[in-house]
Each structure stands twice: as structure tokens, then as C-alpha cells.
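Asks: Before I ask anything, let me first share the structure, which is written out below as C-alpha cells.
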Amino acid sequence: MLARLKLFLITLGLISIAVMAVNIAWISHGSHARDEYDKLRANPYYMLVEKSFHKVRFETLPMLEACLKGSSYFKKYYLKRPATDAATLEHFTCQADDTGDEMELVGDARSVILGLVGDIMWVGSVREDFVDQQVLEYLGGFDVLIGNLETPVAKDFPVPTVLPDYLTYNSPPQLLQAFRHPGNGKNMFTAVSLANNHALDQGVDGLRQTMQWLREQGIAYSGASFVDAPEPEYLTICKNDLKIGLYAATYGLNFTPDLRAADVRIHCLSSLATGALSATDHEKIATVLAQMKQDGVDFKILFMHWGFEFEFYPDSLIRQAAYAMVCAGADLVVGCHPHVVQPYEVVYVNGYPGADNGCRVEVEDLCGVPRKALVLYSLGNFVSRMFTDDCRTGAIASLTIAASGDKGMAGWKFNGLEHVYNKVPLLPGKGHRLMMYDDYSKQVLSGKGLKKQNTENKLVSLTWEDNPY
């Protein structure tokens, strides 16, 4: 047993060293690939020639094949997949200015300011003050704050701190305890999603400890539950007399022990691994949303761990899955997992009125009531020490939700996105800083700024070529 453990640790060390070496090599390499990437960054409409590694998607591969394609993974990790086809380019360029119609609050209408963030990942043994005051003050303006906790927080397991990256995560309590409200000192996270591919990085015991710790902190969660303490399929958040429903699910897990005998379960929609939502998984979502409606939920949120890593734009199958979720009753679909910010779009249901800019997405559901929905395909990494600026930049989405005259329905206004940046030390831990993007730009880059990819829904067209670099 000890020999196996040593072999496993040595393997992890070698992989981490390889990741760091590839990162350094690509940074310093003056190759054709890097030249094209630099041109792309300088001009978002540069015609990138797509290579074979851009199209490798590890979410769909068995373990052995994924290992054999390790070099392609590292290339995609560093260079990303920054382009898309011409039709998607045209669609999202047209969608860029569409945030839905303006919503006016009448009289003392019940309302909630909702904040949403992306992946909260392992960054080592951080201090409880690693979050800048400006970030805390901005987050303090939300009535409800939700994010994706993509790491166990399990006290009986060690927190990795030596290498720059690991295959399995575990984080200290400070990762979330740092988000204290500047005024009342309470944790600002209302709820987190636990449904992601890292949920079982420390096994069933690690997930169980994470759930118990969140309960002790007063942070609700969706996406996982205890079998012996039956809970609803979705989480209910009540604020300012509004009822918000949250259902979280993941395409899959990095480690898949037999959960049949375990006392926890995780919401999985396995068809999302390929992007195509199956009839069975669609029925699961439709059932949950129907239950929300029956329970009088005013605003229905789906938190989906989906899509493909390091791709700046959602796959067409993911977009179709999102539309199906909206048709089933979702008001907001939030995506995580790509580790970069992707575009968003408004979906109009049953002829909901609003400006037609020539690229409106219109669908119909069985209810027939006009409404609109918002899809945030990926908010990127909120807290992370992954390589490259794109993986260290995340978006914070803001919505105002207000009660309507119809029971079980609420109107919403999209207030836009703000961005944060993770200032990462060489080794994980104490020097990590989470800053507002603009503050980082001013303080560290002397006003030069970073190149925020996709924060304005801008796309890059491409041509196809299968030969690798």
C-alpha cells in the first residue's frame, strides 16, 4: 500500500513538473504557433488556422486515450481554443449588445440583487486576507451570491502546497472564509454548487466533510446530498420575499467510485460530456423545474458544469442544450468548467417583446407565457492559480430580480459583468491575491491592462487544418 502511495505521489510530481515545463517552454518559444497566437491577441478578428490539438476534448475521452494525448492537452491549456466558426462568430457578435429589455421596478416591488461567480478552485494554503478589499466591497452589494466550489474542503485530508498544480484538490477553510462581508463579518456566499468533476478528489469522505463544513459555515449547497437525510432535488433560497430555486449538476467526475453503498450522491447529467443533452437527462431537468414551479419558486436557476476546457466559445450542442433547459422552464442557466470566460445570450420565450437586432434567439414552451431567460455559458475561474492570464481572469455577473404579478414568476434585469484577476505566486499559498481586474491593471501593469478575451462577446473566425504544429 505504501509503495503504491509513493508511486502515485511521484507520478503526480512528474506530471506537475511537465505542466510547468511545457508552460515555460511555450512562453519562451518563438514558434509559428506563438506568432499566430500573438497576432490573434492583437486583433480579435485575425483568421486563426485551427490545428488538431484545438479540437481535442478530454471530457469525452477514456483515461488511457486522454493520457496518450497529454501533449495536445498542454498545448490547448496554454494556447486555448480562441476561435470559432463563422456562423457562431456572426451570432455572438450580433448578440453582444443584447441584455434583454430594461426592467423598471414599480413602487415597493420585491427585488433581489443576485451575484454569480465561476470556479472557486484550489490555490494552496491561502491566508484569510487574500481577497482585496475592493473585491469584498463589490461582492457586499449582492443580496444573494452563488459560485461553483471546485475543490473539496476536507479537514482530515492534506492540502497540497509544494507543486504548482495537482490532479487532485483539497483546500483549507480560508478559501471561503476570506469572503467576509465588510460590514457584518458574515460569509457572503449564500450557496455553492458541489456538482463538478473535482467533487470526489478526496473520495466520498472528502465530499462528506465538505458538505458538513459548509453547513457549519451557514453556506447552502446544491448538486450533492446525503442519502440518509432526504433533501429536495433543488435548493430553495428565500430573500426579500422572493423564492429562488437552484439546481446544480455536472457532466461527470474525475474519479468515479461506486456510490451505490455510499451515503452521498451527486447530480450527474452524463450526456453533457459530449454536449448533447439526452432525453433522459432532459427529463431529469424538466422534472426538477416542474417541481420548482409547483412549489411557487419565482426564479429558477440551473448551474451546469458543462462544456469543454480552454475553449472561448460554447459548442453548438451546448447552446442547444441551454435552449432546451430554457424551454423546460429555466430563467437563468449558468455554466462552469471551461476555465475561461465565454459569451452570454438572452433567450426570448413565447414571443416575449423586445428589440429585434436580427439575431434574437426565440423558443416556445408548453406554458405559453411570454418571458425571457439568460444563459451565461461560462464565468471562467473566480479563484484559481492555473497558468495563463485567461485562466486567472473571471467574471462576476449581476442581475436584479423583481417580483411580477404572476405567482411563481419574476422579471429580471442583467446589470452586466465585472472582472477579477488572480495574482499568482510561483508556488501555491500565501502570496495569492484576488483583485478587481481594473485594479490589477492599474497597480501591476501600469495602466496597460490585460487582454480580456470574450468579455464583450467578441469572437474570432477560423479556417480548418488538421495538421498539428
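The values are calculated or read from the model by the stated rules, or taken from the named source; none is laboratory data. Keep in mind that what you see is a predicted model, and the values were worked out from it rather than measured. Note: ideal-geometry Cβ built from the backbone for every residue, glycine included; neighbour counts use all protein chains shown. The accessibility values were calculated without ligands, DNA or RNA, using every heavy atom of the protein model including side chains. Shrake-Rupley method; radii C 1.70, N 1.55, O 1.52, S 1.80 Å.
Condition check ((1) without any contact (Cβ under 8 Å) to a residue 12 or more places away in the chain; (2) within 22 Å of Leu379 (Cβ to Cβ); (3) open to solvent by 10 Å² or more (accessible area, probe 1.4 Å)) across all residues:
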| site | (1), (2), (3) |
| --- | --- |
| Leu269 | no, yes, no |
| Thr280 | yes, no, yes |
| Asp295 | no, no, yes |
| Phe303 | no, yes, no |
| Trp306 | no, yes, no |
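Asks: If you don't mind, there's one more thing I want to ask. Of the numbered conditions (1) under 22 Å from Ala397 (Cβ atoms); (2) open to solvent by less than 10 Å² (accessible area, probe 1.4 Å); (3) more than 20 Å from the chain's Cα centre (by Cα), Leu149 fails exactly one; give the number of that condition.
Replies: (3)
Asks: Over 20 Å from the mean Cα position of the chain (by Cα), open to solvent by 50 Å² or more (accessible area, probe 1.4 Å) and closer than 23 Å to His337 by Cβ: which single residue out of Thr256, Thr161 fits that description?
Replies: None of the other options fit; the residue is Thr256.
Asks: Please go through region 204-252 and give me each residue that is without any contact (Cβ under 8 Å) to a residue 40 or more places away in the chain, more than 16 Å from Val264 (Cβ to Cβ) and part of a loop (DSSP other than H, G, I, E, B), ordered by number.
Replies: Gly218
Asks: Mind checking which residues of region 383-437 are of a type in the set (S, T, N, Q), in contact with an Asp or Glu (Cβ under 8 Å, 6 or more places away or on another chain) and in a strand (DSSP E or B)?
Replies: Ser398 - this is the single residue of region 383-437 that is of a type in the set (S, T, N, Q), in contact with an Asp or Glu (Cβ under 8 Å, 6 or more places away or on another chain) and in a strand (DSSP E or B).
Asks: Are any residues in region 320-337 open to solvent by less than 10 Å² (accessible area, probe 1.4 Å) and within 13 Å of Ile285 (Cβ to Cβ), and if so, which ones?
Replies: Ala321, Ala322, Met325, Val326, Ala330, Val333
Asks: Quick one: in region 352-411, of everything that is within 21 Å of Cys94 (Cα to Cα) and open to solvent by 50 Å² or more (accessible area, probe 1.4 Å), which residue is modelled with the lowest pLDDT?
Replies: Ala355
Asks: Might you let me know whether region 183-190 holds any residue that is farther than 28 Å from Met386 by Cα, assigned to a loop (DSSP other than H, G, I, E, B) and open to solvent by less than 40 Å² (accessible area, probe 1.4 Å)?
Replies: Filtering region 183-190 for residues farther than 28 Å from Met386 by Cα gives 183-186.
From what is left, the residues that are assigned to a loop (DSSP other than H, G, I, E, B) are 183-186.
Next, from what is left, pick out any that are open to solvent by less than 40 Å² (accessible area, probe 1.4 Å): 185.
Within region 183-190, one or more residues are farther than 28 Å from Met386 by Cα, assigned to a loop (DSSP other than H, G, I, E, B) and open to solvent by less than 40 Å² (accessible area, probe 1.4 Å).
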